[in-house]
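The structure appears right after this line, and notes come after that.
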Amino acid sequence: MMVLETVNLEMDGPVATIFLNRPAKKNAMNPQMHRDMNQVLDTIEEAGNVKAVVVTGIGDSFSAGMDLEECFLQPFDDPQLFYRTNLVALNWFKRLKAFPAVTIAKVNGFAFGGGVLVTGICDLAVTTDTALFGLSEINFGIFPAGGATWAATHNLPRKQALYYILTGDTMTGQQAQEYGLVNKSVPADQLDAETDRIVRKIVKKNPVTLELAKQVYERTTMMDLPTAIDYDQAKLWELSRLSGNEWVNVALKQFEKRAYQPGLTTYSRAEARS
Ligand code: COA
């Protein structure tokens, strides 16, 4: 366990778990937390073998968003300080969005502002039925910035995104599932098990395939179909080369022997090279 001032990092083979750790402040993200987050992302990247990154909060909150005092109020009168303070945050938000491993938000309680942003930029998200999400920026006079509006527009249907942006109302975990902000909302005592269930599926996959599948998803959302098809084909050859043709040499060979049904489960990577 790596213990920083405001964030803990647990590394367990292919799974890294990041714990936001300012429970007395509902895990509001202060400048120190932004610095710590950059540091743990460095550590995970340097390890090189992580396939799944879980982000969660210690205590009864995932994150109450940006620390309104330390990030906004206190540095506001010094433009350079304000800029630099928030740049550290924006930097790890962008890094998390483009992270090579699969990112999973395990939303264990309040998720406001930046908490919704982190939920939205993670690839997957699980929460509890009673968790509360809110784009509360309008309640203190701004619109959701730093990528939070992006997180809303890319995870919620238009009317719901605009409703929560414009009213600052909260939504429960169950509503978040209904609208698509999270994959699943479960009773609080099932949050760990539900997250583990997803993680166990992810870690069985080839890491190169996971990384390229994410890239293809992100890039092709901005392409027309003929361009996307050409891009997919090029990426498939890249995947083959980078993975030693594992999909043909291992996965499809196992299928040929009827060792498994790809429609229902994944192949065994025991014979794979990495
Ligand atoms: N920035 C700074 N401090 C925050 C914070 C934030 N975003 N969110 C919570 N805190 C602090 C509270 O001020 C309080 O500090 P104190 O003990 O020094 O008074 C402490 O965390 C505990 O919060 P509290 O309000 O007592 O807990 P609660 O369970 O009654 O309510 C919230 C939790 C999340 C509903 C409430 O704290 C809140 O509205 N926070 C702001 C959420 C927000 O607007 N975030 C958007 C930021 S972009």
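The values are calculated or read from the model by the stated rules, or taken from the named source; none is laboratory data. None of the values given here were measured: they were computed from a predicted structure. No Cβ is skipped: glycine too gets one built from the backbone with ideal geometry, and neighbour counts run over all protein chains shown. Ligands, DNA and RNA are stripped out before the accessible areas are found, and what is left, the full protein with its side chains, is counted by its heavy atoms. Shrake-Rupley method; radii C 1.70, N 1.55, O 1.52, S 1.80 Å.
Here is how the numbers come out for the structure above:
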quantity	calculated
Residues of region 172-194 satisfying the condition of being open to solvent by less than 80 Å² (accessible area, probe 1.4 Å), farther than 10 Å from THR127 by Cβ and assigned to a helix (DSSP H, G or I)	GLN175, TYR179, ALA193
Residue in region 147-155 that is open to solvent by less than 50 Å² (accessible area, probe 1.4 Å), in contact with a strand residue (DSSP E or B) (Cβ under 6 Å, 6 or more places away or on another chain) and modelled with pLDDT of 95 or more present	no
Scan of region 133-142 for residues that are within 9 Å of the ligand (Cβ to nearest atom) and under 17 Å from GLY180 (Cβ atoms), ordered by number	GLY134, LEU135
Matching entry among ASP129, ASP169 (being within 13 Å of the ligand (Cβ to nearest atom), over 18 Å from the mean Cα position of the chain (by Cα) and surrounded by fewer than 20 Cβ atoms within 10 Å (Cβ to Cβ))	ASP169
In region 28-51, the residues that are farther than 13 Å from ARG95 by Cα and either free of Cβ contacts under 8 Å to residues at least 40 places away in the same chain or among the aromatic types (Phe, Trp, Tyr) (or both)	GLN32, MET33, ASP36, GLU46, ALA47, GLY48
Residue in region 111-125 that is modelled with pLDDT of 95 or more, within 13 Å of the ligand (Cβ to nearest atom) and more than 16 Å from the chain's Cα centre (by Cα) present	no
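Here is a yes/no grid of residues against (1) in the same structural domain as ASP42 (by TED's automatic domain parsing); (2) of a type outside the set (Phe, Trp, Tyr); (3) within 16 Å of HIS34 (Cα to Cα):
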{"residue": "ASN86", "(1), (2), (3)": "yes, yes, yes"}
{"residue": "PHE93", "(1), (2), (3)": "yes, no, yes"}
{"residue": "GLY113", "(1), (2), (3)": "yes, yes, yes"}
{"residue": "ALA131", "(1), (2), (3)": "yes, yes, no"}
{"residue": "ILE165", "(1), (2), (3)": "yes, yes, no"}
